[in-house]
Amino acid sequence: MSSAHTLSRQHDFPSDFVWGVATSSFQIEGAAHADGKGPSIWDTFCQVPGAIADASDGLIACEHYERWQEDVNLIASLGVNAYRFSISWPRVQPMGQGEFNEAGLNFYAQLVDGLLAKGIAPYVTLNHWDLPQALQDQGGWANRDTVQHFVNYASAIFKRLGNRVAAYTTHNEPWVIAVLGHESGIFAPGLKSRAIAAQVSHHLLLSHGMTLQALRAQGCTVPLGIVLNLSPTVPATPSAADQAKALLEDGRLLRWYMDPLFKQAYPQDVIDDLGEQAPHIEPGDLEIIATPIDYLGVNYYTRSVVSADGSWKPQNSGLPLNDMDWEIIPECLTQLLVRMHHDYPLPPIYITENGGAFPDPLRDGQVNDQDRIAYIDQHIAAIGHARDQGVQVQGYMVWSLMDNFEWSSGYSKRFGIVHVDYKNQNRSYKASAVWYRDFLAYQRLQKNGTPSSASAEKNRVTGVV
Ligand code: GCO
């Protein structure tokens with residue numbers, strides 16, 4: 001690894017490559033009860049004793065709801081050309097059905113306008129996990145009625161934001177919603193049933209396909225897609241038992257989503273393994289789920305290692321770990337992308353999340369996060385390697401713009417390239433933000449011969465940096 005972290009500069013990225021930063025509504029907005037917002041399942045889950053490591057919640061978070069203009073300036077100052085964020089369903093439709101909340105709709109319309117005014121493409125995610133609690137009270141994603149409610153909500157968002165955004169994503173990481181939310185129960189809504197989790201995943205996919213059809217029928221011309229969290233799944237040892245377990249886990253994580261989206265069928269090995277817990281599927285569902293997508297978002301952080309007896313620990317591997325104890329292994333991103341390219345007829349791919357939590361000690365008011373810089377540098381290079389092998393990756397978004405509420409870890413884990421001081425909400429660049437800004441300036445220089453974007457220039461003057 002070069003100490004200057006320039007591996008990423010050894011690859012050629014086209015001038016229209018999308019370079020962004022990402023966030024999600026619950027993790028940054030706060031204002032949990034403001035202006036008519038209804039509670040989400042995460043508001044409820046945070047009140048369960050022991051659910052969140054530091055017993056925190058999303059009531060204030062990064063105060064993005066109040067500070068969005070400052071945050072748009074911050075995003076622009078990085079010189080990115082895209083910002084991926086999500087819409088809080090209960091902010092725009094407090095009960096998840098019926099009446100819409102004008103204040104909520106207006107918030108996102110202003111945010112989109114603010115981004116566009118700075119030349120930043122808005123990448124909108126419709127569901128990044130914060131389901132209205134009122135729908136959970138009726139069974140949530142396990143209830144097939146939620147599918148139609150989601151389509152209605154998505155249609156209202158399209159009616160308001162229209163074709164001004166760069167792209168719509170239906171769901172972020174359906175595996176996480178299904179498995180962590182309904183099987184292991186470590187995420188909202190905290191259920192522990194494999195059968196429910198399987199049904200939830202089917203309803204998420206069905207609502208994805210139905211939303212694509214509905215939005216296109218309503219005149220949507222911007223790209224539509226879905227975001228999956230994917231990793232190569234590898235056996236901890238070469239034993240037959242570990243290999244069999246790894247194959248099944250690959251089915252549960254990757255093929256369970258990719259096969260219905262691209263091959264109109266769930267993988268038989270996972271269906272067999274589920275047995276009586278397999279989801280109820282109605283005639284026509286699989287055709288709807290396989291409605292063609294315009295792009296696929298891939299969130300990649302680490303590989304997944306499995307052992308049949310559950311004994312494997314990341315500390316065994318000898319690889320560097322981040323502050324979540326996730327192994328740092330950028331070559332697995334290349335492997336993953338190349339494998340998918342061979343196995344599926346892929347549309348353009350965006351790496352919609354990549355980054356890491358690191359200890360981030362604050363010294364003299366500065367976070368010198370060389371570990372995060374190395375991580376981002378190596379992963380951008382890994383994308384370059386995948387592109388060299390023919391994978392059509394068209395964008396990369398760092399997770400995350402700024403430190404925020406990291407789900408069951410609360411505020412104890414920091415993923416931002418911008419540091420947030422939760423005492424006063426001050427945002428300040430970490431070294432990684434400076435590195436990313438300089439990398440993007442280098443990209444522009446390579447492509448257009450101009451080192452700084454207008455927005456980066458302006459923010460240097462206004463002193464956001
Ligand atoms: C996810 C989510 C993000 C997380 C990030 C770090 O991938 O789990 O999309 O909201 O914060 O991944 O865990």
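The values are calculated or read from the model by the stated rules, or taken from the named source; none is laboratory data. What you see is a predicted model, and the numbers here were worked out from it, not measured in a lab. Cβ placement follows ideal geometry from the backbone for every residue including glycine, while neighbour counts extend to all protein chains displayed. To get the accessible areas, we keep the full protein, side chains included, count just its heavy atoms, and leave off ligands, DNA and RNA. Shrake-Rupley method; radii C 1.70, N 1.55, O 1.52, S 1.80 Å.
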Descending principal axes extents, segment 1-148, alpha-carbon based, whole Å: 52, 36, 31
Cα-derived Rg to Rh of segment 346-397, Kirkwood definition: 1.13
Calculated Rg and Dmax of segment 338-435 using C-alpha coordinates, Å: 15.9, 51
Spin-label proximity, residue 389 to segment 304-332 - amide N less than 16 Å from point 7 Å beyond Cα toward beta carbon: 304, 329-332
Low-density loop positions, GluC sites (Glu not before Pro), segment 29-122 - DSSP coil, at most 10 other Cβ in 10 Å: 99
Spherically averaged projected area of segment 2-61 from its Cα convex hull (nm²): 7.9
FRET efficiency for residue 116 and residue 364, using Cβ-Cβ distance with R0 set to 35 Å, rounded to 0.05: 0.40
Hydrodynamic radius by Kirkwood, which averages 1/r over all alpha carbon pairs of segment 7-458, in angstrom: 22.2
Cα centroid separation - segment 381-424 against segment 316-331, whole Å: 16
Pair residue 426, residue 145: separation of 7 Å Cα→Cβ label points (nm): 5.1
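Among 118/447; 118/159; 192/413; 192/313; 159/423, which pairs are too far apart, with a Cα-Cα distance over 30 Å?
In this structure, 159/423 lie more than 30 Å apart at Cα.
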With eigenvalues of the C-alpha gyration tensor scaled by 5 and rooted, segment 210-283, Å: 32, 17, 7
Residues of the chain: accessible area per residue with a 1.4 Å probe, Å²: 37
